[in-house]
Amino acid sequence: MFEWRAQCRRGIGPLFGHAILGASLENALGLAMTGGGARGAYQAGVLKRIGEIKQIQTLGNPFTIIGGASAGAINGTALAVGSDDLAVGTRILAQIWSELTPSDVFRCDLMAQTRNSLTWIIDLSFGGVLGGGNARSLLDATPLRRFLNDHLDCERIQENIKRGHLYALAISATNYGSGKSYLFIQGARGHPMWQRSRRVTLATKITVDHVCASAAIPVVFPPVELKTPLGNAFFGDGCMRLQQPLSPLIRLGAERVMAIGVRCETRDDQEESSSRKPPSLAEVAGLLCNVMFLDHLAADIEHLERLNELLEDGQLKKSNGSQKMRPLRTLHIAPSVELADVAAEHRTAMPYLISYFVNSLGRDADSCSDLMSYLLFTPEYTQALIDIGYHDADDRIDEIEDFLYSPGAGRNHA
C-alpha cells in the first residue's frame, strides 16, 4: 500500500443561513466535501485533476479553509495533512483510494460476519426476554481506524497551519446522545467560534478518531467514542444533522466556496417510474442514504444562490446592526453519471459474504445498487469513480482555474 506518511515527508516541507460577519481572511477560499462511503473516491478523482493545475504546483494550496463530513472528512483531513504540497497530496489521495479494499474498511471474514449476524438475530428474536441492545452495527469497521492511522499523520495539520499552508480544518459528526451536530475545528489562533441551536462547535486537535466518527454511517458502522467538554460521548456520521454543509466554511471566513458532491444532478431530470411492488428494504436503505449524503449540499447551494440574487437585487439589506451580509461565490462539482449505475457494473467484486448480505435485502441486484454504491470499497469501483471525477474536473478545468485564481469571475457556477 502506498504510504501517505512516508510520501508526505518526502514532499515539500446567523442571518439568513449563511449571511454572517465579514470574512477575517482576504478573499479566502473554502473547500466543502460531504459523504458518503465509497463514493468519496469520486472526490479524490476531482482533486487529483485540480492538483495538476500549474498554479497549484507553483503557488501552493489555494484552499484556505477545508470542511468535510463522512467520506468528505477523510478526504478533507488528507488534504489538510498534505496542504504543504497539494499537488503531491492529491496524487497520494487518489492512489490510496484506488488501492482500497473492503478488508481495509470492515471485517469480511466468516467469523466476524457470523458473530455479528447472531448478535442481531438474538436481539431481534429474544431481546425482549434476554435484554437487547447488543447489536451495534451491521459491519465491524475496526480495520478502517487502523487504515487511516497508517496513512494520515494528523500531527502535520498543526504544522501546516503554523507555516501558513492552511487556516482551518473543520469536520462534522453527530452526537448520538444529544442528537446535536458537532463541528470539530482545528485552525489558526483566533479563528471564529459560534454556537447555534442543535449545533456545537469545538476547537480541538483533529485526530483519526474524529475522522472515523464523521465517517461512521449509521447502523452500517458502529459509533465512535470521542471526548467532549461534558465527558465522553458516542458519535456517528457527520451528514446526519448537517443541513447546511457550506455554513461552517462561511462562518470561518470563506468568501468563495468550492463544493465537491457525489450526487449526479442529471438524475433529477429523469422521469419517475411507477412500480406495483412495494420497495424492498435495500431500496429504502439506499434512499435514506441518498437523503442523508446527497440532498443537503445541493439544497444548500440553491439556498445560497437565492440569497445572492436577493442581495444583488437589493431585496435584502446588506447590513443589520453590526452584522454584514455579502454575496458569496460558489462552484459546484458533481458527477456527470449516476454512481449507483457504476456500482451495479462492479458489484461482483464485493466479497461474497457482504454481497450476499446486501443482496438479501433486495428483490434483485438493481434494487441494491444505491446501497451498494456506498459500501463497494473495491479497487475496481473506486478506480472507476476516480476516473469519472478526474474527467469531470478536466472538462471544467478552465472554469475551475478561473474560480480559483480570478477574484472578479462570475458569481455562481453549477
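Values computed for the structure shown
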{"quantity": "Rounded FRET efficiency, nearest 0.05, which uses the C-beta distance separating Glu401 from Glu159 and R0 of 25 Å", "calculated": "0.35"}
{"quantity": "Theoretical gain in end-to-end length, Asp394 to Lys277 [0.36 nm per residue, Cα-Cα removed]", "calculated": "38.0 nm"}
{"quantity": "Rounded to the nearest 10 Å², the accessible area of Leu310 at probe 1.4 Å", "calculated": "30"}
{"quantity": "Highest to lowest packing among 106-112, 40-46, 235-241, scored as the average C-beta count within 10 Å", "calculated": "40-46, 235-241, 106-112"}
{"quantity": "List Trp97, Trp194, ordered by accessible area with a 1.4 Å probe, largest first", "calculated": "Trp194, Trp97"}
{"quantity": "Surrounding net charge for Arg136, when Lys and Arg each add one and Asp and Glu each subtract one, Cβ distance under 15 Å", "calculated": "-1"}
{"quantity": "Accessible surface of segment 135-208, 1.4 Å probe, proportion on carbon and sulfur as whole %", "calculated": "47"}
{"quantity": "Val129 - accessible surface, heavy atoms, 1.4 Å probe, Å² rounded to 10", "calculated": "130"}
{"quantity": "Potential lengthening between Thr58 and Trp194 on full extension [0.36 nm per residue; Cα-Cα distance subtracted]", "calculated": "45.4 nm"}
{"quantity": "Computed accessible area, Thr114, all protein chains, 1.4 angstrom probe, square angstrom", "calculated": "60"}
{"quantity": "By accessible area with a 1.4 Å probe, ligands and nucleic acids excluded, highest first: order of Arg146, Arg347", "calculated": "Arg146, Arg347"}
{"quantity": "Contour excess over end-to-end distance, with Cα ends at Leu202 and Val284 and 0.36 nm allotted per residue", "calculated": "26.1 nm"}
{"quantity": "1.4 Å probe accessible area per residue over segment 75-187, in Å²", "calculated": "41"}
{"quantity": "Unsatisfied cross-links (Cα-Cα over 19 Å) in the set Lys180/Lys227; Lys54/Lys162; Lys162/Lys205", "calculated": "Lys54/Lys162"}
{"quantity": "Point-to-point label distance, His303-Phe126, nm (Cα→Cβ direction, 7 Å offset)", "calculated": "4.8"}
{"quantity": "Residues of type aspartates and glutamates that Lys277 reaches as a straight line, Cα spacing below 15 Å, ignoring anything fewer than 8 places off in the same chain", "calculated": "Asp364, Asp366"}
{"quantity": "Selected from Ala215, Thr204, Thr174, residue furthest toward positive end of dipole (segment 141-269; charges at beta carbon)", "calculated": "Thr204"}
{"quantity": "Cα shape, segment 167-283, gyration tensor, a/c 1.5 rule", "calculated": "oblate"}
{"quantity": "Highest to lowest packing among 242-254, 177-189, scored as the average C-beta count within 10 Å", "calculated": "242-254, 177-189"}
{"quantity": "Hull volume in cubic angstrom per residue (convex hull over the Cα atoms of segment 133-233)", "calculated": "106"}
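The values are calculated or read from the model by the stated rules, or taken from the named source; none is laboratory data. This is a predicted model, so every value here is computed, not measured. Glycine gets a Cβ as well: all are built from the backbone with ideal geometry, and neighbour counts include every protein chain shown. In case anyone asks, the SASA skips ligands and DNA or RNA and just uses the protein heavy atoms, side chains included. Shrake-Rupley method; radii C 1.70, N 1.55, O 1.52, S 1.80 Å.
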